[in-house]
Structures are given as C-alpha cells and as structure tokens.
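Asks: Below is the structure I would like to discuss, written out as structure tokens.
No value in this document is a laboratory result; all are computed from the given coordinates. Worth saying up front: this structure is predicted, and the values here are computed from it rather than measured. Note that each Cβ is placed from the backbone with ideal geometry, even for glycine, and that neighbours are counted across all protein chains shown.
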Amino acid sequence: MSKHRATISWKCTSTEFINGRYSREHTWSFDGGVVVPASPSPSVVPAPWSNPANVDPEEAYVAAVSSCHMLTFLYLAGKEGFQVDSYEDEAIGAMTKNERGTPWVSSVTLQPKIHYSGSRQPNPAEEARLHHEAHEQCFIAQSIKTEVTVSGG
C-alpha cells in the first residue's frame, strides 16, 4: 500500500523553555508543498503560548474524519448514479476523559448538507445506506476508535 508523510517543524524562540514559557506554534509541511501553521488549541495551552488562528491537532483530526467520509461518500454516490452538486459538513469533535482521566476525542459528529441534481435522487434510506457504506470504507474511520455519527442530511 501507500505511505503518507508530513513534516512537523518547531523551533524554540524563548529563553524560558524549561519554565514552560515558550510558543508552541509550529508548521505542518506536506509533500505537495502546502505548509499549514499549527498550534495547540487555546483551550489546552493558553495564549500567548498558542495561536488560535492556527490549526490545532484536534481540529485537524475532525477535518480528516470528515474529509475521508465525504470523499468516500462522493465516490459511492457517483457509482450509483446520483449527481452530487455540493457537500458541506460542519463536523464537531467532542473531547472527554477516558477511564484513566486522559482527554481524548471520543466522538465526531458529521452534519453533511448534500445537494443533488438530475432525475435520480436518493431517498432518505438510500442516503443513510451510502453514509453507512462510506463509514465502513473510509480509511480514517477504519483507523480510529472515536465514535463517528452522521446527523442531519
């Protein structure tokens, strides 16, 4: 199978690293040339040691789950002859504490709004089946223990 790479880069810009007074801002670089400014969530590490304008790992995780589901859904819908014109998802990840008291992203709720055109449109049962199959075939969903649910439509 394939391999996927990301380069994560951080450099200390403070003389107070040992005291925990340093910026956690860093970059994610991908093989296609995209560089994403990253930071911990301000809910985890307060400013000025984090930057709320940057992507945090938890947001990226939720986005990866949503993106993989969408790409798989689009593939399956097209195979069945459904013309998808747009797909928008405002995915939400919830953090809770596990049995050891460690925070984790325990659930991701996908809320896709899908618009179709053409003479063949899925009924609610067909759309639900497509979402189920997309979840079962999504590489990311099959790699995680987070509960993923689809709501809305």
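Asks: Quote the FRET efficiency, to the nearest 0.05, computed for Y75 versus H115 with a Förster distance R0 of 22 Å and r equal to the Cβ-Cβ distance.
Replies: Working: r = 17 Å, r/R0 = 0.79.
Once rounded, the FRET efficiency stands at 0.80.
Asks: For the range 14-28, take each phi angle, set θ = phi - 60°, evaluate the Karplus expression 6.51 cos²θ - 1.76 cosθ + 1.60, and give the result in whole Hz per residue in order, putting x for glycine and proline.
Replies: Each residue's phi maps through the Karplus curve to give 10, 8, 10, 4, 4, 8, x, 9, 8, 6, 9, 4, 7, 10, 10 Hz.
Asks: Additional query: Placing unit charges on C-beta atoms (Lys and Arg positive, Asp and Glu negative, everything else neutral), compute the dipole magnitude of the chain about its Cα centre in debye, rounded to 20. Mind showing how you got there, number by number?
Replies: Working: 12 positive and 17 negative charges, 98 e Å.
Value, rounded to 20: 460 debye.
Asks: Starting from the amide H of V150, placed 1.01 Å from N in the peptide plane, find each other amide H under 5 Å away whose residue is 5 or more places distant or on another chain.
Replies: Result for V150 returns L110.
Asks: Another one. Place a point 7 Å from Cα of A94 in the direction of its Cβ. Which residues in the range 128-153 have their backbone N less than 15 Å from it?
Replies: Answer for this model: 146-152.
Asks: Could I ask something else about it? Between S41 and W10, with labels modelled 7 Å along Cα→Cβ, what's the label distance in nm to one decimal, could you check?
Replies: It works out to 1.7 nm between the two label points.
Asks: Next up: Return the Cα extents of the range 17-119 along principal axes one, two and three, sorted largest first, each rounded to a whole Å.
Replies: Principal extents (largest minus smallest coordinate, Cα): 64, 39, 20 Å.
Asks: Identify, among V150, G20, V65, the residue whose Cα sits farthest towards the positive end of the charge dipole of the chain, taking +1 on the Cβ of Lys and Arg and -1 on the Cβ of Asp and Glu, with the dipole about the Cα centre.
Replies: Positive-most Cα among the choices belongs to G20.
Asks: Still on this structure, I have one more. Could you work out which residue, out of G32, G78, G93, moves most in a Gaussian network model of the chain, that is, has the largest mean-square fluctuation with Cα springs under 10 Å?
Replies: G32
Asks: Any idea how far the Cα center of the range 1-77 sits from the one of the range 91-153, in Å?
Replies: Cα centroid to Cα centroid, the span is 21 Å.
Asks: Could you list, by residue number, the cysteines of the chain that have no other cysteine's beta carbon within less than 4.7 Å of their beta carbon?
Replies: Those would be C12, since no other cysteine Cβ in the chain comes under 4.7 Å of theirs.
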